1. Sort out which residues of region 37-64 are of a type outside the set (Gly, Ala, Ser), crowded, with 18+ Cβ neighbours inside 10 Å and away from ligand 2 (no atom under 16 Å from the Cβ), and write them in order of number.
2. Out of Arg43, Arg68, I need the residue that is in contact (Cβ under 8 Å) with a residue 24 or more places away in the chain and over 17 Å from Cys157 (Cα atoms). Which one?
3. Is it the case that some residue within region 109-126 is over 12 Å from the mean Cα position of the chain (by Cα), in a strand (DSSP E or B) and surrounded by fewer than 17 Cβ atoms within 10 Å (Cβ to Cβ)?
4. Note down all Cβ pairs under 7 Å where the first residue falls in region 140-158 and is without any contact (Cβ under 8 Å) to a residue 40 or more places away in the chain, the second is within 16 Å of ligand 1 (Cβ to nearest atom) and in a loop (DSSP other than H, G, I, E, B), and they're at least six residues apart or on different chains.
5. Within region 162-181, how many residues are farther than 14 Å from Ser205 by Cα and touching a Lys or Arg at 6+ places or on another chain (Cβ under 6 Å)?
6. Given the conditions (1) free of Cβ contacts under 8 Å to residues at least 40 places away in the same chain; (2) surrounded by 15 or more Cβ atoms within 10 Å (Cβ to Cβ); (3) touching a strand residue (DSSP E or B) at 6+ places or on another chain (Cβ under 6 Å), which single one is not true for Val27?
7. Which of the residues belonging to region 120-146 are among the charged types (D, E, K, R) and in contact with a strand residue (DSSP E or B) (Cβ under 6 Å, 6 or more places away or on another chain)?
8. In region 109-141, what residues are within 14 Å of ligand 1 (Cβ to nearest atom), of a type in the set (D, E, K, R) and in contact with a His (Cβ under 8 Å, 6 or more places away or on another chain)?
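A short reminder: the numbers here are calculations on the coordinates, not readings from a lab. Here the structure is a predicted model, which is why all the values come from computation and not from measurement. Counting neighbours? That spans all protein chains shown, and the Cβs are built from the backbone with ideal geometry, glycine included.
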Amino acid sequence: MKTFDDTTALIIVDAQYGFMPGGGLPVAEGDAIVPVINRIAPRFANVVLTQDWHPADHISFAANHPGRAPFETIALPYGAQVLWPTHCVQGTRDAALHDDLQVPQAQLVIRKGFHRDVDSYSAFMEADRRTSTGLAAYLKARGITKLYLCGLATDYCVAWSALDARSAGFEATVVEDACRAIDLNGSLAKAWADMAASGVARATSAKI
Ligand code: VGL
Ligand code: ZN
């Protein structure tokens with residue numbers, strides 16, 4: 001029995017080995033989200049997954065900027081860009097979704113960050129803020145108006161996705177215990193403040 005109807009979708013952001021302990025860009029306790037997601041996912045008729053999916057020469061990798069170190073910020077034509085350790089390279093185990101995720105009913109996997117010169121935290125819009133992933137149009141075409149978001153990392157891909165969801169006119173709720181954060185230079189507090197200001201709701205898995 002589904003709790004949520006056809007107008008609601010669960011968006012599972014970047015539940016990939018690259019963001020779990022041992023991955024290229026490990027998030028503390030990143031793997032702790034998997035059983036939480038497995039508990040809530042059966043209640044959603046509609047599930048969409050995202051997958052960070054970078055070419056090896058991607059502009060967001062510190063290794064592609066001689067003299068730069070991971071977690072430094074550089075200026076790019078579209079704005080400030082954090083340089084990350086190499087992660088989620090297309091086709092590698094690091095980019096694979098966690099094997100223990102149980103979401104057989106998931107209908108779409110949105111891959112993002114595949115343009116070499118543009119990063120994409122958000123499931124909706126790349127970091128140039130102009131290039132769409134197509135997700136908003138897909139959801140709208142299917143009559144989906146309400147989104148629950150979870151995954152990695154709270155303060156980057158989950159937050160940017162939730163903010164863009166609001167901009168695109170969706171209701172958005174972040175399931176906070178089904179997320180974990182990177183928390184770089186206050187990014188987590190800023191993300192929650194930005195999300196609150198744009199009308200993103202916050203819930204725990206026990207409450208939804
Ligand atoms: C992410 C940094 C770089 C994320 C992806 O999934 O939050 N963060 N690429
Ligand atoms: Zn990435």
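1. Result: Ile37, Ile40, Phe44, Asn46, Val47, Val48.
2. Arg43 is the lone residue from the list that is in contact (Cβ under 8 Å) with a residue 24 or more places away in the chain and over 17 Å from Cys157 (Cα atoms).
3. no
4. From residues that are without any contact (Cβ under 8 Å) to a residue 40 or more places away in the chain, the pairs are Thr154/Ala181; Asp155/Ala181; Asp155/Ile182; Asp155/Asp183; Tyr156/Tyr121; Tyr156/Ile182.
5. Summing the residues that are farther than 14 Å from Ser205 by Cα and touching a Lys or Arg at 6+ places or on another chain (Cβ under 6 Å) in region 162-181 gives 2.
6. (1)
7. Selection gives Lys146 alone.
8. Correct list: Asp119, Glu126.
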